[in-house]
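The values are calculated or read from the model by the stated rules, or taken from the named source; none is laboratory data. From a predicted model like this one, the values you see are computed outputs, not experimental measurements. Methodologically, a virtual Cβ is constructed for each residue, glycine included, from the backbone with ideal geometry; neighbour enumeration extends over all protein chains shown. Accessible surface is based on the protein model in full, side chains and every heavy atom, while ligands, DNA and RNA are left aside. Shrake-Rupley method; radii C 1.70, N 1.55, O 1.52, S 1.80 Å.
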Amino acid sequence: MSGIVIIGGGQAGVQLADSLRSEGYQGPIDLFADEPHLPYQRPPLSKDFITGDDSAEPLPLRAETFFAERGVQFHPGIRVLAIERDQQTVSTSNGRTVPYESLVFATGARNREMTIPGVDLKGIHYLRTLDDAMALQTAMTAARRVVVVGAGFIGLEFAAGARQRGLDVTVLEFAPRPMARVLSPTMSAYFAETHTCNGINMRLGEGVASFTGTDGKLTGAVGTSGTTYPADLVVIGVGVLPNSELAEQTGLDVNNGITVDSCLRTADAHIFALGDCSNYPNTHARTRLRLESVQNATDQARTLAKTLTGKPTAYKNLPWFWSQQGPIKLQIAGIIGADDETILRGTPATGNFSVYCFSGSQLTGVESVNSPADHMAARRILELGLPLMPEQVMDAEFDLKGFSKTTPLPLHEKENLEQPVATP
Ligand SMILES: Cc1cc2nc3c(=O)[nH]c(=O)nc-3n(C[C@H](O)[C@H](O)[C@H](O)COP(=O)(O)OP(=O)(O)OC[C@H]3O[C@@H](n4cnc5c(N)ncnc54)[C@H](O)[C@@H]3O)c2cc1C
């Protein structure tokens, strides 16, 4: 009997298997995971794993007994190699052919690799998987001077953790400000300054041209300015690529992720995609997006479980994200546009503040540092589409928390905020 085949045992795939049972699905569920481990949480890999010693243990996504208890056929260390859409089957790396009624891509993303001279030297690492993190743990015990390539979330989380361990850390970032793709300039400036004050050598506007080594072992990184930064450990964090090749090979549309509609369905009515590998129409941003976050992976899985159990449901959840960089906890609600106007509430010098981002008079997102109450209020305001005005945010006396608890807009006005977005 064919059931649901899930490709990928990460945050999205495991949550989907769980939610399918919670929604009452009783058919077979096959979960294929090419990593050999019990599914684990990735966020701690660039945080607690870095600051801890080399006995740090991965945090499992579910207990080992979960799969048997929920009646999920879990196939660790097995890769799905091909999909035969006409027959509705997949072929796996252990030589099996497995039928499906519905097939779900939860294949995630992988590191974008660099191809510059010296990149194969011993001492150069990436950070995506548990195996990556364990290799880094070992490398860090002997390292003194670290160069991090890329001032994105992963690079800076690692840099802050390595600095906390007392290592000498330099960050090379080609762009003029850190996390430029996702943060407002105000917030980028705060992080640049705080990391510098904590002893990290932040080299902004400096890419990496090559790596130097002796006897196959890393000795340094050469910046695009020609400066050489001595290093015995390099971590490259220059973004990820969606694992969408299998979908492409089977003839599905792929454009920075597997293209799906608001119910996370591809153009093939039996095939779906979610999490880091999917590109979907986002009602809050009013455009198509591919998001890389735990919230997105788990909320999409809960929503897709409804659709797969006969209750077609559009995915409309508000995106939110967090990052822990040394002492700084950053929380972001919504999607911030590159040209948004920003309003600061609170004082960065105190280490607790929020940046409110507006496109015209429309609130698009809120970035909060060590201010969880602001973040929760922002999530409610954005989720409900409450009409918060820039003047209100500018007024230091205005009660934002109280406002976030006001009644949502009448339904017809809220619908106006949720204009349809392009679907495939
Ligand atoms: C170090 C690190 C720190 C992070 N920190 C945060 C954070 O603080 N906050 C936050 O919100 N997000 C964070 N993220 C992002 C978050 O972990 C991801 O967005 C989330 O894991 C995405 O889940 P996913 O299931 O879509 O993909 P993944 O977790 O990548 O899982 C996909 C799995 O599918 C497997 N796979 C791929 N192809 C096949 C195949 N053909 N057959 C079988 N298996 C296959 C992959 O190997 C992988 O194991 C972090 C990510 C990393 C790497």
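With both labels modelled 7 Å from their Cα along Cα-to-Cβ, the R181 to F398 distance reads 3.2 nm. When the Gaussian network model of the chain links Cα atoms closer than 10 Å, the mean-square fluctuations of S278, S55, S354 top out at S55.
Each peptide among 61-69, 128-136 gets the average number of other Cβ atoms lying within 10 Å of its residues, and from highest to lowest they stand as 128-136, 61-69. Taking a ≥ b ≥ c as the square roots of the eigenvalues of the alpha-carbon gyration tensor, the range 148-218 is classed oblate because a/c is 1.5 or more while a/b is no larger than b/c. Per-residue ellipticity at 222 nm computed for the chain from its helices equals -7500 deg cm²/dmol, with DSSP H segments shorter than 4 residues left out and the rest contributing -39,500 (n - 2.57). Between the alpha-carbon centres of the range 53-122 and the range 165-225 there is a gap of 32 Å. Looking at the chain, the DSSP beta bridges with both ends there are about 60 percent antiparallel. Karplus-based coupling profile of the range 135-151, in residue order and whole Hz: 5, 5, 3, 4, 4, 5, 5, 9, 7, 10, 10, 10, 10, 10, 9, x, 9, with θ = phi - 60° in 6.51 cos²θ - 1.76 cosθ + 1.60 and x standing for Gly or Pro. If a/c stays under 1.5 just call it rounded; otherwise compare a/b with b/c (prolate if a/b is bigger, oblate if not). Do that for the range 112-173, with a ≥ b ≥ c from the square roots of the Cα gyration tensor eigenvalues. Taking the square roots of the gyration eigenvalues as a ≥ b ≥ c, the range 112-173 is rounded. The mean accessible area for residues of the range 74-216, using a 1.4 Å probe and ignoring ligands and nucleic acids, is 45 Å² per residue.
Of the Cα atoms belonging to the range 1-155, the radius of gyration and Dmax stand at 18.3, 57 Å. Let me know the shape class of the chain, please: from the alpha-carbon gyration tensor, a ≥ b ≥ c as square roots of the eigenvalues, rounded when a/c is under 1.5, otherwise prolate if a/b is greater than b/c, or oblate. It comes out oblate by the Cα gyration axes.
For A231, nonlocal amide neighbours, meaning residues 5 or more places apart or on other chains whose placed amide H falls under 5 Å from its own, are G220, A221.
Restricting the range 288-365 to trypsin sites (Lys or Arg not before Pro) that sit in a DSSP loop and have at most 15 other Cβ atoms within 10 Å of their own Cβ leaves K316. Highest average first, the peptides 119-127, 13-21, 87-95 ordered by how many other beta carbon atoms sit within 10 Å of their residues are 13-21, 119-127, 87-95. Which percent, to the nearest 5, of DSSP beta bridges fully inside the range 85-208 are antiparallel? Counting DSSP beta bridges with both partners in the range 85-208, the antiparallel share is about 25 percent. The phi torsions of the range 253-269, fed into the Karplus equation with coefficients 6.51, -1.76 and 1.60 and a -60° offset, translate into couplings of 6, 10, 8, 6, x, 7, 6, 10, 8, 5, 8, 6, 9, 7, 5, 8, 4 Hz, rounded to whole numbers, with Gly and Pro shown as x. Cross-link check: pairs K217/K329; K329/K401; K316/K405 evaluated at a Cα-Cα cut-off of 29 Å; pairs beyond the cut-off: K217/K329.
Surface composition of the chain: carbon plus sulfur atoms hold 50% of the accessible area, using a 1.4 angstrom probe and ignoring ligands, DNA and RNA.
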